[in-house]
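Each remark here refers to the structure printed beneath this line.
The values are calculated or read from the model by the stated rules, or taken from the named source; none is laboratory data. All values derive from a computational prediction rather than experimental measurement. Reconstructed Cβ throughout: ideal geometry from the backbone, glycine too, with neighbour counts over all protein chains shown. Surface areas here come from the heavy atoms of the whole protein model, side chains and all, with no ligands, DNA or RNA. Shrake-Rupley method; radii C 1.70, N 1.55, O 1.52, S 1.80 Å.
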Amino acid sequence: MLLHQSTWAEVETYLRDKNGIIMPIGSTEQHGPIGMIGTDTICADVIAKGVGEAENAMVGPTIGVGMSEHHMRFPGSMTLKPSTLVLVVRDYVLSLAAHGFRRFLFVNGHGGNLASLQAAFSEIYGDVRQAGAADTPDLRCKALNWWQFDPLPAMGREMFGTADGSHASASEVAVAQFADAANIRDGKLDPEVAPQGSFFGADTFRERFPDGRIGSNSALASPEKGERLYAKSVEAIGDAYRAFLAEA
Ligand code: NI
């Protein structure tokens, strides 16, 4: 069930015996020469919807712009300041908590969001405590990256070896291709495998990783591989969602 396609009465009915919600969050940032700028959002969105269907759970509106400061030298990239993202997440959660949602599982598509998500959760818990916990008992938030659980890392290695990479990874490009097959780009990448390394901000990122990829050969992606990764991620995140709801 998608919140934005539901009516208020359907949400009210859902809340009679459920209080969990899945919140997709991604980014709007460059993903190399053949990866869509919305890759992280597209991945989080499709996997969250898959989990929502499998678990009969409500899925909230996708947060499509994240914290992507280090991608800002590439045209099309957008970023929220960490402090803005914290407030966006806090306001999303507290809006829904006002209606009775209590367990918020963020399905995250972008590592750069994690610090802000954790900070937002602390803000939320602080707000709840100061307001008097009686209104919102056991409000809990959790953030999971769609790729974090076994067997996803091993599948990525098996499909792509070390050329899965760490940004514009072959895995994430594959999942986005599965989700949006009308927008697949081919192209020969030069070098085939992008350099590995670190960066300190937008300028060093562009200098050191001129086409936007880190360590990946995203040309190895295919929608078929993406579908396999998608299916395993939906299963793993679904397990984690059920465990989260059952937590004491
Ligand atoms: Ni990404």
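Working note: 222 nm ellipticity from helices only, DSSP H runs with n ≥ 4, each -39,500 (n - 2.57), summed and divided by the residues of the chain, gives -14500 deg cm²/dmol to the nearest 500. Taking label positions 7 Å along the Cα-Cβ direction at both Ala181 and Ser6, the computed distance is 3.0 nm, reported to one decimal. What is the Cα centroid distance between segment 175-234 and segment 100-165, reported in whole angstrom? Segment 175-234 and segment 100-165 have Cα centres separated by 23 Å.
Just flag the chymotrypsin sites (Phe, Trp or Tyr not before Pro) in segment 194-234 sitting in loop per DSSP whose Cβ has no more than 14 other Cβ atoms within 10 Å. Sparse-neighbourhood loop chymotrypsin sites (Phe, Trp or Tyr not before Pro): Phe200. For segment 59-163, what does the alpha-carbon gyration tensor say about shape, rounded, prolate or oblate, given a ≥ b ≥ c as the root eigenvalues, a/c under 1.5 as rounded, and a/b over b/c as prolate? Oblate, because a/c is 1.5 or more while a/b does not exceed b/c. If you build a Gaussian network model of the chain, linking Cα atoms that sit under 10 Å apart, which residue out of Glu12, Glu123, Glu235 swings the most? Evaluated over the chain, the most mobile residue of the options is Glu12. Using a probe of 1.4 angstrom and keeping all protein chains present, the accessible surface of the chain works out to 46 square angstrom per residue.
Taking label positions 7 Å along the Cα-Cβ direction at both Thr84 and Ser122, the computed distance is 2.2 nm, reported to one decimal. When restricted to Cα atoms, segment 105-206 yields an Rg and a Dmax of 18.8, 59 Å, respectively. Checking every one of the trypsin sites (Lys or Arg not before Pro) in segment 157-248 against DSSP loop status and a limit of 15 other Cβ atoms within 10 Å picks out Arg185, Lys188. Rg/Rh for the chain (Cα atoms only, Rh after Kirkwood) is 0.99.
Just the protein heavy atoms count here, and of the accessible area of segment 105-248 at 1.4 Å, carbon and sulfur take up 52 percent. Label sites at Ala231 and Ala115, each approximated as a point 7 angstrom past Cα along Cα to Cβ, lie 3.8 nm apart. Which residue fluctuates most in the GNM of the chain (Cα springs below 10 Å): Gly64, Gly201, Gly226? With Cα springs under 10 Å in the chain, the top fluctuation among Gly64, Gly201, Gly226 is at Gly201. Residues whose amide H comes within less than 5 Å of that of Asn145, counting only those at least five positions distant or on another chain, are Asn108 (H built at 1.01 Å from N in the peptide plane).
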